[in-house]
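The values are calculated or read from the model by the stated rules, or taken from the named source; none is laboratory data. Every value quoted in this text rests on a predicted model; they were computed, and no experiment measured them. Every residue, glycine as well, gets a Cβ built from its backbone with ideal geometry; the counts of neighbours run over all protein chains shown. Ligands, DNA and RNA are stripped out before the accessible areas are found, and what is left, the full protein with its side chains, is counted by its heavy atoms. Shrake-Rupley method; radii C 1.70, N 1.55, O 1.52, S 1.80 Å.
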Amino acid sequence: MSSTTEDKGNQKHKSVFANVLRLLVASLIFTLVLAGPAWLVAESEGLIGLAAAAVLCTLPGCLVVAFKGLVGDSQATLVLAAGGLRMFFVLLGALTAKFVVTGYGLNEFFIWLILFYLFTLALETRSLLSVKGSSEASTETD
């Protein structure tokens, strides 16, 4: 039996939702893993910086993974959107931490921001490549 266009669209939305959920859960687990070192390095300020870094890096990652479902197969648009959105959020947060918030330096914020940036970038890239690979596999079977 052949699946209808509506079924494929519904499966695509479920896939996008599942990828966003995976990114959120992985980020939460990574936050819990880093909570101990953050406390040892900078106590409560380290935990606050870790939470801020988690939000700054996870939010654009989720938006980009969700955006992939809307863009479809336009890889160039996706790469530009992902890079631009991620850099906007992270640079805005880093500049805010540097010039507005006092007392948050390398130990309290920036080391966690760098670790989270790399972690969510790897997860987002894996998610986008797996979505691309699964869409190519489904077009080959059609």
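Is there any pair with a first residue in segment 44-62 that is more than 23 Å from Arg126 (Cα to Cα) and a second that is open to solvent by 70 Å² or more (accessible area, probe 1.4 Å) and of a type in the set (Gly, Ala, Ser) whose Cβ atoms are under 6 Å apart and which are 6 or more apart or on different chains, and what are they?
none
Residues to consider are Pro37, Pro60; find the one that is under 25 Å from Val16 (Cβ atoms), at pLDDT 85 or above and assigned to a helix (DSSP H, G or I). Please lay out each step first, then the result.
Details: Pro37 fails: under 25 Å from Val16 (Cβ atoms).
Exactly one residue qualifies, and that residue is Pro60.
Considering segment 99-124 alone, what residues qualify as being surrounded by 13 or more Cβ atoms within 10 Å (Cβ to Cβ) and without any contact (Cβ under 8 Å) to a residue 12 or more places away in the chain?
Val101, Gly105, Leu106, Ile114
Within segment 109-141, restricting attention to residues that are among the aliphatic types (A, V, I, L, M) and at pLDDT 75 or above, which residue is farthest from Gly83 (Cα to Cα)? Give the steps one after another, and end with the answer.
We begin by selecting, within segment 109-141, every residue among the aliphatic types (A, V, I, L, M); these are 111, 113-115, 118, 121-123, 128-129, 131, 137.
Retained after the next criterion (residues that are at pLDDT 75 or above): 111, 113-115, 118, 121-123.
Values: Ile111: 20, Leu113: 16, Ile114: 15, Leu115: 17, Leu118: 13, Leu121: 10, Ala122: 13, Leu123: 14 Å.
Filtering segment 109-141 for residues that are among the aliphatic types (A, V, I, L, M) and at pLDDT 75 or above, the one farthest from Gly83 (Cα to Cα) comes out as Ile111.
Just the residues that are open to solvent by 50 Å² or more (accessible area, probe 1.4 Å) and not aromatic (Phe, Trp, Tyr), please, taken from segment 21-39. Outline the logic, then answer.
Within segment 21-39, the subset open to solvent by 50 Å² or more (accessible area, probe 1.4 Å) is 21-22, 24-25, 28-29, 32-33, 37, 39.
The answer is Leu21, Arg22, Leu24, Val25, Leu28, Ile29, Leu32, Val33, Pro37.
When segment 83-92 is examined, which residues are found to be open to solvent by 10 Å² or more (accessible area, probe 1.4 Å) and either in contact (Cβ under 8 Å) with a residue 40 or more places away in the chain or of a type outside the set (A, V, I, L, M, F, W, C) (or both)?
Within segment 83-92, Gly83, Gly84 qualify.
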